[in-house]
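For reference, the structure is listed below as structure tokens.
The values are calculated or read from the model by the stated rules, or taken from the named source; none is laboratory data. Only a predicted model underlies this, so the values are computations on that prediction, with no experimental measurement involved. Cβ placement follows ideal geometry from the backbone for every residue including glycine, while neighbour counts extend to all protein chains displayed.
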Amino acid sequence: MEKEWSHPTHAVSLPHLAKQGNGKDPSLGAAVEIAEIQIRDVCLFYGSKQALHHINMNIGRREVTAFIGPSGCGKSTLLRCLNRLNDLVDATKVTGSIRIGGTEILDPTLDITELRKRVGMVFQKPNPFPKTIYENVAYGPRILGVRHKSQLDEIVERSLRAAALWDEVKERLHDNALALSGGQHQRLCIARTIAVEPEVVLMDEPCSALDPIATTKIEELIHELKQHYTIVIVTHNMQQAARVSDYTAFMYLGRLVEFGKTDKLFTTPEKQETEDYITGRFG
Amino acid sequence: MRVESRVFKNFWKSGDPFVWLTGGALAFSLIMIVALIVIVAANALGFFWPGRLVQAKLQDGSELLGQVVVQEEVPGSQKDGKALQYRTEFQIANRDIYGADFRWVDDNQIVTQTYPENAILFERWEWGHLFGFLTKVTENGQVIAEGEPLAWQKFQEIHPRTQETLEQIQQIEQKEIGAINYNLERLRLAIKTIQKDESDPARAQERVAALEQEIAMWQQRYEEKAKELKVLRDENARYRITVQAAGGREKELPVAAVVRALLPNQLSWGERLKIYLTRLIEFIWEDPRESNTEGGVFPAIFGTVMMVLLMSIMVVPFGVIAALYLREYAKQGTLVRAVRIAVNNLAGVPSIVFGVFGLGFFIYLLGGSIDRLFYPEALPSPTYGTGGILWASLTLALLTVPVVIVATEESLAAIPREWREGSLALGATKWETIRKIVLPGALPGILTGMILAMARGAGEVAPLMITGVVKLAPTLPLDTHAPFFHLERKFMHLGFHIYDVGFQSPNVEAAKPMVFMTTLLLIGIILLLNLTAIFVRNRLRSRLRFGTF
């Protein structure tokens, strides 16, 4: 099955167009409809310490997949494998295979910047650049070589609208982004991420630094974004995982314990550890 | 007893003693710095104030006329129950008559002290001040005014004219004859080049002949200017004055030799202030005279500022690039740590060692090679193969590069990891991240490094003494002859000026206030340069560190 990387709903297509192969593999525990990301037998080592043990997982296209588990269980590490941000850490070694849209991303000859354009990321701590709101959103497109002012204007407006921030900032696009509130920061970071039209958006505990109202807004936003993007979210908050995700993966001590439809995992977990964790007996 | 010890223990635990200790340390260093500035300023700022001239009759029947410099206790005078005695130092000037500018007199030797209304203070172009009474004015040997107040009136009438003529003379000597000499030298070198390079002898002769004709033209122009100068000088030589110094000795001198004459005992406060400001402006804007002990320090100010700016232009990009590699690209490990320690220790190498290195590497090796390659016609007289402002700036850049590297590295390390990751996660390469996120964020820190480097460089003297600073530079390194910047030229520097005037001048006592004044000026210039950089940095900072982040 062949499909284009750009999204038909978006008016401006960006110069990174890649092909993708078949992602369907019903043999894995959670039978997702179309697998966008296929993780096979992934192990990760920090020096001699093994942080991930033989992870196998299919992540569905335009679905929200949540990674839950206690601190240090490897869920952020696994997330960072998906855009190879772990490469920044010295002495990291990954084995196994991760295919995103049919492309093997653990291939050492892979153009990592190309990968990161396709797999965007929203961080735990909102990290807007010390630039104007406009420049923050235009940063990615500029890197991709978009030069025309009108085109940039369009991308900025569309991205800010998609991140539900446009109405709040349209009057002050050229003010410093650091002057916004924490919740606005995070939505700005989401706008910045989707400005380059990735296929996958990774979110590393995106609400952990936010107040409940800002959290609600982000959760609503995730719901909206699901229609265009494959979303992988790491969260400590099980209610949040239950609210926003279609599939949930429970990880513990670097292993994938259980992976399945969210409503099933939270109501009738198969494993005892999962049940203990979601009922709050440990973690 | 037990209660007391608990009170003490609690006092100790509360941290109050530590607050006192740290506060005290800060206060101590502040007091030292303020005291230094106050001493320098107090000694410097009084220098230009026109004080009154006192005429004292001494017990031995002699007289003196001068300004009181200081009055102090005679050492050991209180011993054996004797009464306390004082002595006074007078500046009696008239170096050419008395041989010394200063004289100590015990106060019990002084019979009377008066402030004669008609005592005159002459500031002269040469030989320092002259104190005395004007007796007559002559023109071509004929007396045209004699005695009070006619002579003074006549002098005031003639003096401005002579100074205007003198200015014309200087204008012709420096600008016009300077330009002629510049062209003559240029032509002479062109002839040498032709004789060396032109293979066809007939053609060489032809070209040389053309240039020689040009030389003849310039030479003729020189003759004309020389004639003009003679006329002007003769004009000035016509007027002379006779001054009677204390003790009755007379001194005859041309009117033109006087820079400024005043009656210090008749001046009002307003007039004194006016003279003070005139002298201050003269100090900042004029060339030095009397082997730097009088006049202004403008060439030294210019040299200092230009050298510091040149140094900054060279050191900042170099240091920043080196720090970028060290912090961003190099694999952090033992080797990088060793390099970092080496760089930090470089800052501890005595500056004179850098000077010697500059002399050996920049001047002899680099400058010598440049001369052989590009200026062979001028050899054996060196062009770049001798000290100059370029080599001095480069040497200082080398001296201050550790400061810039350390400051830049620290500011690079302070850039939040989230910013870098955010940029990389958007598909930016490492270089794009550095260019668009890291460097702009590190700019205030880089400017801090530049400020520190400038402060260090501007105050440095030792390495300059062997790489291009001179006591008196005939021309500035920037002028109206193409290519305008003459980086091979030697220059003057305020720091060296302080050393030279304070310790190398023939008349140290008279030059002392000048040393303080120059020091104050140097501190002021460094402060000004730093304030500019700090202003720029704060503007950047407020743009970067905004909001709650």
Worksheet, complete the sentence: Okay, strands (runs of 3 or more DSSP E) sitting entirely in segment B:57-168 with 1 or more residues that are surrounded by fewer than 12 Cβ atoms within 10 Å (Cβ to Cβ), I get B:63-73, B:110-114, B:142-146
Fill in: helices (runs of 4 or more DSSP H) lying entirely in segment B:412-529 (those with 3 or more residues that are within 14 Å of chain A (Cβ to nearest Cβ) and crowded, with 20+ Cβ neighbours inside 10 Å)
B:417-425, B:439-458
Item to complete: Would you be able to say whether some residue in segment A:94-104 is out of contact with any Lys or Arg (no Cβ under 8 Å at 6 or more places or on another chain) and within 14 Å of chain B (Cβ to nearest Cβ)?
Response: no
Response to the item:
For segment B:314-332 the number of residues that are acidic (Asp, Glu) and modelled with pLDDT of 90 or more is 0
Worksheet entry | Condition broken by A:His174, with the remaining ones in (1) more than 22 Å from B:Ile437 (Cβ to Cβ); (2) surrounded by fewer than 23 Cβ atoms within 10 Å (Cβ to Cβ) satisfied | (1)
Practice prompt. Working only within segment B:93-125, note down all residues that are at pLDDT below 85 and touching a helix residue (DSSP H, G or I) at 6+ places or on another chain (Cβ under 6 Å).
Written response: B:Asp101
Item to complete: Looking only at segment B:179-201, decide whether some residue is out of contact with any His (no Cβ under 8 Å at 6 or more places or on another chain), among the small types (Gly, Ala, Ser), buried (at least 16 other Cβ atoms within 10 Å of the Cβ) and part of a helix (DSSP H, G or I).
Response: yes
Practice prompt. Would you mind finding the one in B:Gln213, B:Gln220 that is more than 30 Å from B:Thr165 (Cα to Cα) and part of a helix (DSSP H, G or I)?
Written response: B:Gln213
Worksheet item: Quick check: is even one residue across segment B:226-240 within 30 Å of B:Phe47 (Cα to Cα), surrounded by 12 or more Cβ atoms within 10 Å (Cβ to Cβ) and at pLDDT 85 or above?
Response: yes
Practice prompt. Determine whether segment B:29-49 contains at least one residue that is within 29 Å of B:Leu280 (Cα to Cα) and over 29 Å from the mean Cα position of the chain (by Cα).
Written response: no
Worksheet entry | segment A:79-122: number of residues that are under 19 Å from A:Glu205 (Cβ atoms) and not in a loop (DSSP other than H, G, I, E, B) | 10
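So that you can scan it fast, the table gives a plain yes or no per residue for (1) surrounded by fewer than 14 Cβ atoms within 10 Å (Cβ to Cβ); (2) over 24 Å from B:Arg456 (Cβ atoms):
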{"residue": "B:Leu335", "(1), (2)": "yes, yes"}
{"residue": "B:Ile341", "(1), (2)": "yes, no"}
{"residue": "B:Ser369", "(1), (2)": "yes, yes"}
{"residue": "B:Leu373", "(1), (2)": "yes, yes"}
{"residue": "B:Pro382", "(1), (2)": "no, yes"}
Worksheet, complete the sentence: If we keep only residues of segment A:129-185 that are assigned to a loop (DSSP other than H, G, I, E, B) and more than 12 Å from chain B (Cβ to nearest Cβ), then the residue nearest to B:Leu426 (Cα to Cα) is A:Val146
Fill in: Selection within segment A:242-264 - in a helix (DSSP H, G or I) and of a type in the set (Gly, Ala, Ser)
A:Ala242
Response to the item:
Residue count, segment B:283-306, condition more than 18 Å from B:Gly459 (Cα to Cα), buried (at least 17 other Cβ atoms within 10 Å of the Cβ) and of a type in the set (Phe, Trp, Tyr), comes to 1
Worksheet item: Within the group B:Leu309, B:Leu280, which residue is loosely packed, with under 15 Cβ neighbours inside 10 Å and either part of a helix (DSSP H, G or I) or hydroxyl-bearing (Ser, Thr, Tyr) (or both)?
Response: B:Leu309
